[in-house]
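> Please read through the structure below; I'll follow up with questions.
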Amino acid sequence: MHYYQFNIGDYKSHTEHLSEMEDLTYRRLLDWYYLHETPIPLEINETARQIRMRSHSECITTVLQEYFERTEIGWIHHRADKEIAKTGEKSEKASASAKARWNRAKDANALPTQSESNATHNTLPITQDTLPKEKAKPPYQALFDIFWGRYPKKVGKDAALKAFQKRKPDQHLLVQMLNALTEQVKSEAWVKDGGQFIPNPATWLNQGRWQDEVTNFKPVDLIHQTTPTPPNQDAALRKIEEDSKKAAPIPENIRAKMAELLKGKV
């Protein structure tokens, strides 16, 4: 977005305790967030470079921890995400409305009047989607690229993108998906047979599989598997049997003495 509404009173009530440098840091972080429509980088030094405050890493850390939420994909801002989403919805509705008007026009060569053209442009904020100099990205494309990079089975990308768009995910839902993938890639169902049973990404998205309960594969469980026991499997028992076969026979006089002793005990 190249434009966003700024509520002075609301901002002042939430930032009066900030120092001058912390206040400047927060404003620059917000500007960067709205401009790029992506999470703030996790690396503080990179963030400092992006907002031109290389010698103020401490201020950046303080502001991020107070006003942003750290996630796997970067620092996110809940209020800004809502404003960005609302702007995207307005742009999509305006585009659909314009197409519907032109489809109903009888004259294919007809041009919009000056007043209609001005009214259309004045009702929309200037965003990345409305500037003619930049090629607009499809909705959710940046978030989908992150998801696609993490999903282990790269098949049916177009179908996966459509399924992803139907979910209309924000950064929070994407984090849930990524956390689920972290566990599922270690599960027995996804590990066995070289990952043969990993669902296609479109299927995974359509069925909401990030909500599945995961049972992780534990190699120690193999100990509990039962197998037929061959005869004389115990090495110690086998050694005793082998030694008994090799032993010399007991002399007759010793046998007789042993028999007398045993008889006496009885």
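The values are calculated or read from the model by the stated rules, or taken from the named source; none is laboratory data. Bear in mind the structure is a predicted one, so any value in this text is a computation, not a measurement. So basically every Cβ, Gly included, is an ideal-geometry build from the backbone, and we count neighbours across all protein chains shown.
> Out of all the residues in the range 50-61, which are part of a helix (DSSP H, G or I) and within 29 Å of residue 86 (Cα to Cα)?
50, 60, 61
> If residue 209 meets every condition in (1) at pLDDT 80 or above; (2) surrounded by 11 or more Cβ atoms within 10 Å (Cβ to Cβ); (3) within 30 Å of residue 79 (Cβ to Cβ) apart from one, which number is that one?
With (1) at pLDDT 80 or above; (2) surrounded by 11 or more Cβ atoms within 10 Å (Cβ to Cβ); (3) within 30 Å of residue 79 (Cβ to Cβ) applied to residue 209, the lone miss is (3).
> Can you give me the number of residues within the range 42-81 that are in contact with a strand residue (DSSP E or B) (Cβ under 8 Å, 6 or more places away or on another chain) and of a type in the set (Gly, Ala, Ser)?
The total comes to 1.
> Just to verify a result, which residue in the range 70-89, among those that are among the aliphatic types (A, V, I, L, M) and closer than 16 Å to residue 44 by Cα, is modelled with the highest pLDDT?
76
> Now, a different point. Based on what the data block shows, is residue 232 of a type outside the set (A, V, I, L, M) and modelled with pLDDT of 80 or more?
For residue 232, the condition - of a type outside the set (A, V, I, L, M) and modelled with pLDDT of 80 or more - is not met.
> Answer with yes or no whether residue 218 is under 30 Å from residue 174 (Cβ atoms) and either modelled with pLDDT of 80 or more or surrounded by 13 or more Cβ atoms within 10 Å (Cβ to Cβ) (or both).
No: the conditions fail for residue 218.
> Mind listing whichever residues of the range 34-53 are more than 25 Å from residue 3 (Cβ to Cβ) and exposed (fewer than 12 other Cβ atoms within 10 Å of the Cβ)?
Matches in the range 34-53: 43, 45, 46.
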